[in-house]
Amino acid sequence: MKKIIGLLLIISIITNLYAQENFLIISGGISQPKNDFASIDFSNSDAAFAEQGYNFNFEMSYYINDFVGFGANLRFSKLGFNSETYNSELKENFIDILDSVFLKSRDYNVHNFLFGPYLKVTFLERVTIYGKTFFGVMSTFLSLIH
């Protein structure tokens, strides 16, 4: 982890030497599921039994002139699965059929890799409008069920 933080710090310093508008953003936080995705109602067919998780975001840009730049965004998110509630409901209602089958754990994962152009227009030396358009890949998946 120290090597990754050190590398990101070096990249940030080198990027800022070339132009003031280049940037590196590292952010993270809590991922909170909502609505049916967070529901733990076994009778709801859309319930996902998702629990709170985390996300990590890394974005950087490099401007090749005063107006145009290129950038990338990497994002990783993970939400947990409420296996205790799910398994207790299975045992309560389907014990005769599913005597020894239960879910140990699984996670919901979201990964993004996006890249594209950044545009910058400055008016009256004090007002700057930034824009960006991203293209890329987003994958959402469940980890293996044990």
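Quick look at the values:
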{"quantity": "Some residue of segment 37-46 being open to solvent by 30 Å² or more (accessible area, probe 1.4 Å), among the aliphatic types (A, V, I, L, M) and closer than 28 Å to residue 134 by Cα", "calculated": "no"}
{"quantity": "Residue check for residue 103: surrounded by 16 or more Cβ atoms within 10 Å (Cβ to Cβ), modelled with pLDDT under 75 and farther than 19 Å from residue 138 by Cα", "calculated": "no"}
{"quantity": "In segment 24-71, the residues that are part of a loop (DSSP other than H, G, I, E, B) and among the polar types (S, T, N, Q)", "calculated": "32, 39, 43, 44, 45, 65"}
{"quantity": "Inter-residue pairs, beta-carbon under 8 Å, first modelled with pLDDT of 55 or more and surrounded by 12 or more Cβ atoms within 10 Å (Cβ to Cβ) and in segment 11-32, second of a type in the set (Ser, Thr, Tyr) and not in a strand (DSSP E or B), 6+ apart", "calculated": "22/15; 23/15; 24/12; 24/15"}
{"quantity": "Tally of residues being surrounded by fewer than 14 Cβ atoms within 10 Å (Cβ to Cβ) and of a type outside the set (Val, Ile, Thr) across segment 57-83", "calculated": "3"}
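The values are calculated or read from the model by the stated rules, or taken from the named source; none is laboratory data. Just so you know, these numbers come straight off a predicted model, no measurement behind them. Positions of Cβ are generated from backbone atoms using ideal geometry, with glycine treated the same way; all protein chains shown enter the neighbour counts. These area figures cover heavy atoms from the full protein model, side chains too; ligands, DNA and RNA do not enter into them. Shrake-Rupley method; radii C 1.70, N 1.55, O 1.52, S 1.80 Å.
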